[in-house]
Amino acid sequence: MINAPTIILVGPMGAGKTTIGRLLSQHLGREFFDSDRVIEDNAGADIPWIFEKEGEEGFRRRETHALQSMLEQDLPPVVLATGGGIVMKEENRELLKHQALVVYLSASVNQQLQRTSKSNNRPLLKQGNPKDTLKRLFAIRDPLYREVASVVVETDARHPKAVANKVLDAIKKYLKTEA
Ligand SMILES: Nc1ncnc2c1ncn2[C@@H]1O[C@H](COP(=O)(O)OP(=O)(O)O)[C@@H](O)[C@H]1O
Ligand SMILES: O=C(O)C1=C[C@@H](OP(=O)(O)O)[C@@H](O)[C@H](O)C1
Ligand SMILES: [Mg+2]
């Protein structure tokens, strides 16, 4: 068990935030949340529906609200997976930097493409060429993920369990240097 604050996973679509977050929460005996699920539960609708009816702007408003309400609650430390675009708003980045231990799960564009190709629920990858979109988003967002993260873990060609172990090791190392 480690004595860390709330752990928040950031990174691009397909980095494995949802998958690794769940594994980490099980390992740490903590509750697991995913901001995308919180948004869907609050809206009573899924993400494609929200994008269709309210546009990306509406989704981002809901995302900030979900992040704020999660971090404002006086919960014991949890594991929170976020959506890939959470770093786009400065107010979100400020919350992330100051309220949690943030882990950036990084992945190459090819790996992101492979991992996102099986599902149909990411509206940003439904318009245009998905590889070009992922490349464009990576150029904008990679520096923002690095800005908010205390720890960066590369996920390419690693089984989810191996990634989760790597994250735990990286967190322990980070906490030691902070102590
Ligand atoms: N390290 C990994 N190796 C292989 N497949 C992975 C890995 N991490 C996640 N996946 C798979 O990739 C897909 C996307 O993962 P997900 O956790 O939803 O990513 P994110 O939440 O970052 O978009 C899922 O099908 C998941 O099972
Ligand atoms: O990168 C993004 O802007 C998005 C990522 C998605 O989450 P995942 O990163 O878990 O796929 C989801 O929040 C939404 O489709 C928008
Ligand atoms: Mg996810």
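The values are calculated or read from the model by the stated rules, or taken from the named source; none is laboratory data. Model, not experiment: these values are computed from the prediction. Neighbour counts are summed over all protein chains in view; Cβ atoms, including those assigned to glycine, are modelled from backbone coordinates with ideal geometry. Heavy atoms of the whole protein, side chains included, go into the accessibility calculation; ligands, DNA and RNA do not. Shrake-Rupley method; radii C 1.70, N 1.55, O 1.52, S 1.80 Å.
For this structure, a couple of remarks:
Okay, residues lined up against (1) modelled with pLDDT under 95; (2) open to solvent by less than 10 Å² (accessible area, probe 1.4 Å); (3) away from ligand 3 (no atom under 14 Å from the Cβ); (4) among the hydrophobic types (A, V, I, L, M, F, W, C):
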{"site": "VAL10", "(1), (2), (3), (4)": "no, yes, no, yes"}
{"site": "GLY21", "(1), (2), (3), (4)": "no, yes, no, no"}
{"site": "GLN26", "(1), (2), (3), (4)": "no, no, yes, no"}
{"site": "ASP46", "(1), (2), (3), (4)": "no, no, no, no"}
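- Segments classed as strands (runs of 3 or more DSSP E), wholly inside segment 17-127, with at least 1 members that are more than 15 Å from ligand 1 (Cβ to nearest atom): 101-106
- So ARG62, is it open to solvent by 70 Å² or more (accessible area, probe 1.4 Å), within 13 Å of ligand 3 (Cβ to nearest atom) and either in contact (Cβ under 8 Å) with a residue 60 or more places away in the chain or farther than 23 Å from ASN110 by Cα (or both): no
- Scanning segment 14-71 for residues that are hydrophobic (A, V, I, L, M, F, W, C), over 22 Å from GLU154 (Cα atoms) and within 12 Å of ligand 2 (Cβ to nearest atom) gives VAL38, ILE39, ILE47, TRP49, ILE50, PHE51, PHE59, ALA66, LEU67.
- Yes/no for LYS131 being of a type outside the set (S, T, N, Q) and within 16 Å of ligand 1 (Cβ to nearest atom): yes
- Just one of (1) in contact (Cβ under 8 Å) with a residue 12 or more places away in the chain; (2) of a type in the set (S, T, N, Q); (3) open to solvent by 70 Å² or more (accessible area, probe 1.4 Å); (4) under 24 Å from LEU28 (Cα atoms) fails for THR82. It is (3).
- So PRO5, is it in contact with a Ser or Thr (Cβ under 7 Å, 6 or more places away or on another chain), within 30 Å of ALA179 (Cα to Cα) and open to solvent by 30 Å² or more (accessible area, probe 1.4 Å): no
- Enumeration of residues in segment 28-42 that are hydrophobic (A, V, I, L, M, F, W, C) and either open to solvent by 30 Å² or more (accessible area, probe 1.4 Å) or within 15 Å of ligand 3 (Cβ to nearest atom) (or both): PHE32, PHE33, VAL38, ILE39
- Of all residues making up segment 85-102, the number that are over 10 Å from the mean Cα position of the chain (by Cα) and either within 17 Å of ARG141 (Cβ to Cβ) or buried (at least 18 other Cβ atoms within 10 Å of the Cβ) (or both): 12
- Subset of segment 65-83 [touching a strand residue (DSSP E or B) at 6+ places or on another chain (Cβ under 8 Å) and within 14 Å of ligand 3 (Cβ to nearest atom)]: VAL79, LEU80, ALA81, THR82
- Against the numbered list (1) assigned to a helix (DSSP H, G or I); (2) under 25 Å from HIS27 (Cα atoms); (3) free of Cβ contacts under 8 Å to residues at least 40 places away in the same chain, PRO143 comes up short only at (2).
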